[in-house]
Every structure is written in C-alpha cells, then in structure tokens.
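J.: Pasting in a structure now, in structure tokens, and then I'll have a few things to ask.
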Amino acid sequence: MNAPVHPTVFRDMGIGIAQRLLKDRSRLVVIMADALFVSAMQPSQHPTTREICTAAADELGKRGVAGCAAAVAGEFGDHPLEAIDRMRWALRVAADCRNGRRPRISRERDVEGVVT
C-alpha cells in the first residue's frame, strides 16, 4: 500500500517538475474542452459533471485527440464568432470538471456583449 504524498515532496522535487505537472493538467483540460466543443452537448442543457465527462469521452472515442482538434479548427474557420463563445464555455466547464467543481452555468450576453 502506498503512503500518501506529503505536499512538501513537490517543493523538494523542484519547480521544473511542478511546472510539468501543471502543464499536463492544462493539456487535459484543453483536450476535454476540444471534445466538448465538437460534441452535441449544449450549454442550455445545463449538463451535470457526469454528462460532460461522458460527452467528452464519447467524442474522444469516436474522433481521437487529433480528430477533435481538427474539428475545432474547422469550426473556427467556418463560424469564428460562434466558435469563440462555445470554446469559452467548453474550457470553463472542462476546467470545472477537472478541478472537481460542479460546472458553472454560463452567463448570457446581450447584443452589445454586456453580461446579464
């Protein structure tokens, strides 16, 4: 049985390893966001954490990491303004799920871009 890792272990390992761990965590969020972006999941559905993880896993299973990234790029090329809002939502929700938080409900923006 493994003993729990004490927080000072990371400090003792050096800043380089801590930075790599943070980069890996960030990559996971981006991969999950890409998969959510190309999924059928909609912010208006107010999905649960489980539904978000399932949608991301399904898309990654179908398309793979590179396929999701390619589909995201295509959507940004075809519909750049709509893609910005969807990616903002996908990144926020993926980060919430990855950090163990319940996904935040997106805030609506009016025509002038003011948060309501």
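J.: If Gly77 satisfies every condition in (1) within 20 Å of Val93 (Cα to Cα); (2) at pLDDT 85 or above but one, which is the exception?
T.: For Gly77, the exception is condition (1).
J.: On to the next question. Just the residues that are under 13 Å from the mean Cα position of the chain (by Cα) and over 13 Å from Val29 (Cα atoms), please, taken from region 73-100. Before the answer, list the steps.
T.: In the first step, residues of region 73-100 are kept if they are under 13 Å from the mean Cα position of the chain (by Cα); the result is 86-100.
Arg86, the sole residue that qualifies.
J.: Let me ask you something else. Just for region 73-101: of the residues that are hydrophobic (A, V, I, L, M, F, W, C) and open to solvent by 60 Å² or more (accessible area, probe 1.4 Å), which one is farthest from Met32 (Cα to Cα)? So that I can check it myself, show each step before the final result.
T.: From region 73-101, those hydrophobic (A, V, I, L, M, F, W, C) are 73, 76, 81, 83-84, 87, 89-91, 93-95, 97; that's our starting set.
Then drop every residue that is not open to solvent by 60 Å² or more (accessible area, probe 1.4 Å), which leaves 73, 76, 81, 84, 91.
On the way: Ala73: 15, Phe76: 17, Leu81: 21, Ile84: 16, Leu91: 8 Å.
Ranking the candidates gives Leu81 first.
J.: Report, by residue number, each residue of region 44-67 that is of a type in the set (Lys, Arg), exposed (fewer than 14 other Cβ atoms within 10 Å of the Cβ) and at pLDDT 90 or above. Reasoning before the result, please.
T.: The initial filter retains those residues of region 44-67 that are of a type in the set (Lys, Arg), namely 50, 62-63.
Right, trim to exposed (fewer than 14 other Cβ atoms within 10 Å of the Cβ) and you get 50, 62.
Scanning region 44-67 gives a single hit, Lys62.
J.: Have a look at Arg27, Arg109, Arg104, Arg20 and point out the one that is open to solvent by 90 Å² or more (accessible area, probe 1.4 Å), at pLDDT below 70 and within 13 Å of the chain's Cα centre (by Cα). Break it down into steps so the answer makes sense when it comes.
T.: Details: Arg27 fails: at pLDDT below 70; Arg109 fails: within 13 Å of the chain's Cα centre (by Cα); Arg20 fails: within 13 Å of the chain's Cα centre (by Cα).
Just one listed residue meets the conditions, Arg104.
J.: In this structure, does Ala70 turn out to be surrounded by fewer than 17 Cβ atoms within 10 Å (Cβ to Cβ), modelled with pLDDT of 90 or more, outside any helix (DSSP H, G or I) and in contact with a helix residue (DSSP H, G or I) (Cβ under 9 Å, 6 or more places away or on another chain)? Spell out the reasoning first.
T.: Details: surrounded by fewer than 17 Cβ atoms within 10 Å (Cβ to Cβ): yes; modelled with pLDDT of 90 or more: yes; outside any helix (DSSP H, G or I): no; in contact with a helix residue (DSSP H, G or I) (Cβ under 9 Å, 6 or more places away or on another chain): yes.
No.
The values are calculated or read from the model by the stated rules, or taken from the named source; none is laboratory data. This is a predicted model, so every value here is computed, not measured. Reconstructed Cβ throughout: ideal geometry from the backbone, glycine too, with neighbour counts over all protein chains shown. Note: accessible area is taken over every heavy atom of the protein model, side chains too, but ligands, DNA and RNA are not part of it. Shrake-Rupley method; radii C 1.70, N 1.55, O 1.52, S 1.80 Å.
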